[in-house]
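Peer 1: Dropping a structure here in structure tokens format, bear with me for questions.
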Amino acid sequence: MPLDLPLLNSSFNAKDKYRSRVGTSYALLPFKFIKLDHKRYIVTNFVGEYVVLSRTSLHALIQHKLEINSDLYDQLKVKHFIIDGDSTVALDLLACKYRTRHSLLKNLTSLFIFVVSLRCEHSCPYCQVSRQSQDRQAFDMQLTHAEKAIDFVFSSPSPDLKIEFQGGESLLNFELIRWIVERVSHRNDIESRNVSFVIATNLAILNDDILEFCAEYEIDISTSLDGPRELHNANRPRPNKNSYELTIEGIKRVRDRLGNDAVSALMTTTPASLSQPKAIVDEYLQQDFSSIFLRSISPYGFAVKTGVASGYSSEEWIIFYRSALDYIIQINLEGTPFREEYASMLLRKILTPFPTGYVDLQSPAGLGLSCLTFNYDGSIYASDESRMLAEMDDYTFRLGTLDNDTFADVISSEKLIGLLSETMTESMPMCADCGIQPYCGSDPVFHYATQSEIVGHKPTSGFCSKNMEIIKHLIHLLEDHEDSSLVLRSWIS
């Protein structure tokens, strides 16, 4: 069709000419708010859209006194905070975003953790499980349980299946890992799922045979790196006091054989870490990692028995985290791309409608729905943290056993459904009215371990205080610091 040249040459009308307002009133769609600072509020809706409003603007919104020809009116309408007679597709878009945000639920469980051994040659005081000495064969998973666990894995309808091998030190039972990987791979020739494997290990007993097997089956490695040599060796003692040296050597060997991205690392913040945020980040940069996950101590296992879990307050950890995050942003501004992983997951929830598979940031909680853990003794738990709690003789989150239960039994059990019904943050006391609810989670295992209650008392919850401060800090950076905002947005692209 030929172009209408006179139309091309005509001038554009003013923006108001294209407005079509049916009436002058608007209706409020559901939203919540929370103070960002002494002048402003973060306002969110249930699909995670947010705006930052002054107190005056918030009052005008609630009292239906917004100027309908203002940019703020348009912004609130586009982001589904208000609806008027002109809104023809707003509710459909809102429903689409909500479905997308909860799209992981339809696939059910995708992560399966095999605790192949509790044995370990390290004696880390913050260990989240009650690790056993190397010669305790009774604490290895048996072949019969491993075979039944594989049936569990393929009973999930999820097209993506991840199997993670945990310990203790998982490589102390490498022959079972080998058997499971080969068995799963053979079965997947028929099942045709997207199967991936991860071995969590301290790398101390890594050898060429293990590396060759990992290369053959494209197995990724997850390890621990707490910071510089002195800090790491103090946090993770072993007989020859050379944990750091073996970790760094192991990382290099994995990269040489499997590729640079085949190994990832986690750090745990101990009281000794609090004064070293920059040194810890620098260690990760020095070892050529592209990101770091700043993680606090979990209140389970040896971490409780040794008292390390109570070695610092939530407020002290938040100061540490913010200092490290600000330093990471500065590193990016100076030209070196580097991410903080927890912030990246939160930013995905803040800036996009897409979900994160991280168990602690889901509603309902990821217990069972995202993750199932098979303990060395055949017990089935709702998450990795759940089995850690069981090592303290508390079996609240045990869902069954491999000897007696099927995937259908566990996933439809009254126990799991009852747990999940109490973890919907949309209806939990205080969470339901919280302005950061769309971005947070419930972490019932943490609350049960620290407050003896699955829902938890939010004003005194360490989980809540950490997430609230981190999320508010991220939104402050997104709104008030253009350079920082560009860095943070690049972490989700």
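Peer 1: If we only count helices (runs of 4 or more DSSP H) wholly inside segment 294-411, which ones have 2 or more residues that are of a type in the set (D, E, K, R) and closer than 21 Å to LEU266 by Cβ?
Peer 2: Per the criteria, 314-333, 341-351, 384-390.
Peer 1: Using the structure shown, decide if PHE31 is in the same structural domain as GLY357 (by TED's automatic domain parsing) and in contact with a strand residue (DSSP E or B) (Cβ under 6 Å, 6 or more places away or on another chain).
Peer 2: For PHE31, the condition - in the same structural domain as GLY357 (by TED's automatic domain parsing) and in contact with a strand residue (DSSP E or B) (Cβ under 6 Å, 6 or more places away or on another chain) - is not met.
Peer 1: Any residue that is farther than 23 Å from THR336 by Cα and not in a loop (DSSP other than H, G, I, E, B) - is there at least one of those in segment 472-486?
Peer 2: Scanning segment 472-486 turns up at least one residue that is farther than 23 Å from THR336 by Cα and not in a loop (DSSP other than H, G, I, E, B).
Peer 1: To continue, here is another question. Any chance you could count how many residues in segment 236-261 are surrounded by fewer than 20 Cβ atoms within 10 Å (Cβ to Cβ) and closer than 15 Å to LEU225 by Cα?
Peer 2: 9
Peer 1: Cβ-Cβ distance below 7 Å, separation of 6 or more or different chains: which pairs start in segment 108-126 with a residue that is farther than 17 Å from GLU175 by Cα and in the same structural domain as ASN233 (by TED's automatic domain parsing) and end on one that is buried (at least 23 other Cβ atoms within 10 Å of the Cβ) and basic (Lys, Arg)?
Peer 2: Once the first residue is farther than 17 Å from GLU175 by Cα and in the same structural domain as ASN233 (by TED's automatic domain parsing) and sits in segment 108-126, its partners that are buried (at least 23 other Cβ atoms within 10 Å of the Cβ) and basic (Lys, Arg) give HIS122/ARG236; CYS124/ARG236.
Peer 1: So ASP405 fits all but one of (1) touching a residue at least 12 places away in the same chain (Cβ under 8 Å); (2) among the acidic types (Asp, Glu); (3) farther than 22 Å from PRO157 by Cβ; what number is the exception?
Peer 2: Checking ASP405 against (1) touching a residue at least 12 places away in the same chain (Cβ under 8 Å); (2) among the acidic types (Asp, Glu); (3) farther than 22 Å from PRO157 by Cβ, the one that fails is (3).
Peer 1: Suppose we filter LEU372, LEU294, LEU285 for residues that are surrounded by 23 or more Cβ atoms within 10 Å (Cβ to Cβ), within 27 Å of GLY259 (Cβ to Cβ), assigned by TED's automatic domain parsing to the domain that holds ASP403 and at pLDDT 95 or above; which single one remains?
Peer 2: Matching residue, one of LEU372, LEU294, LEU285: LEU294.
Peer 1: Now a separate question. Those residues that are assigned to a loop (DSSP other than H, G, I, E, B), modelled with pLDDT under 80 and among the small types (Gly, Ala, Ser), I need them from segment 109-164; list them, please.
Peer 2: Listed by number, the residues that qualify are SER123, SER130, SER133.
Peer 1: Looking only at segment 433-462, count every residue that is in contact (Cβ under 8 Å) with a residue 12 or more places away in the chain and touching a His at 6+ places or on another chain (Cβ under 7 Å) and tell me the total.
Peer 2: 4
Peer 1: Next question. If we keep just the residues of segment 53-96 that are among the acidic types (Asp, Glu) and surrounded by 12 or more Cβ atoms within 10 Å (Cβ to Cβ), which is farthest from GLU479 (Cα to Cα)?
Peer 2: That would be ASP86.
Peer 1: I'm trying to understand the selection: among the residues of segment 44-60, which are over 22 Å from PRO353 (Cβ atoms) and out of contact with any helix residue (DSSP H, G or I) (no Cβ under 7 Å at 6 or more places or on another chain)?
Peer 2: SER54, ARG55, THR56, LEU58, HIS59, ALA60
The values are calculated or read from the model by the stated rules, or taken from the named source; none is laboratory data. Because the structure is a prediction, the values reported are computed rather than measured. Cβ sites come from the backbone with ideal geometry, for glycine too, and all protein chains shown count toward neighbours.
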